[in-house]
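Structure record follows, encoded as structure tokens.
The values are calculated or read from the model by the stated rules, or taken from the named source; none is laboratory data. Everything numeric in this text was worked out from a predicted model, so none of it was measured. Cβ coordinates were reconstructed from backbone atoms using ideal geometry, including for glycine residues, and neighbour counts include every protein chain displayed.
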Amino acid sequence: MVRVLPDWYVGCPGDRSIAGFCARNGSATGPLSRASYFKMKQLGIGPRESVVLGRIQITPQAEADWQAARTVPRDTEERLRWEERAERRRQRAIKAVAASMRSPKHPMNRKAARGAAMTRPRRAARSNHRQRSAPP
């Protein structure tokens with residue numbers, strides 16, 4: 001039996017929506033997820049979008065350009081972008097560590113904050129063997 005498709009369906013060549021883009025550019029396991037699409041958009045590697053009457057459209061040329069860019073990535077541009085992000089993450093981590101070390105709630109600073117008088121004395125070591133009673 002031959003499957004007859006309607007004139008318009010999600011993913012057809014005339015569908016310029018995000019859903020159509022995701023359906024056409026998926027993998028063998030299924031369409032590209034909307035979450036992946038928006039993640040690529042956030043990273044700056046998504047397709048160019050046009051807004052027409054308040055609706056986002058992806059033109060055939062923008063889709064073809066996106067596919068070409070993903071097929072043959074611009075090594076220097078991509079590498080520089082990732083290096084910049086990695087450096088920002090490193091700087092943010094260094095700043096967070098410094099702030100954490102200054103905090104009185106940091107484990108290293110807790111003992112000093114409580115003072116020596118507030119510390120709990122250590123218990124005497126317990127022996128695990130039974131004490132024998134003296135023979136009668």
Got at least one residue in segment 76-91 being more than 25 Å from the chain's Cα centre (by Cα) and on the phi < 0 side of the Ramachandran plot?
no
Any residue that is surrounded by 12 or more Cβ atoms within 10 Å (Cβ to Cβ), of a type in the set (A, V, I, L, M) and at pLDDT 90 or above - is there at least one of those in segment 58-77?
yes
List pairs: first in segment 83-105 and outside the structural domain of Leu43 (by TED's automatic domain parsing), second of a type in the set (Gly, Ala, Ser) and in a helix (DSSP H, G or I), Cβ under 8 Å, 6+ apart or cross-chain?
Pro104/Ala113
Leu32 meets each of (1) surrounded by 10 or more Cβ atoms within 10 Å (Cβ to Cβ); (2) at pLDDT 75 or above; (3) in a helix (DSSP H, G or I) with one exception, condition (3)
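Quick grid of which residues meet (1) modelled with pLDDT of 85 or more; (2) more than 30 Å from Val10 (Cβ to Cβ):
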| residue | (1), (2) |
| --- | --- |
| Gly26 | yes, no |
| Ser36 | yes, no |
| Ile45 | yes, no |
| Leu53 | yes, no |
| Arg81 | no, yes |
| Gln91 | yes, yes |
Tell me yes or no: at least one residue of segment 35-56 is in contact (Cβ under 8 Å) with a residue 40 or more places away in the chain and surrounded by 11 or more Cβ atoms within 10 Å (Cβ to Cβ).
no
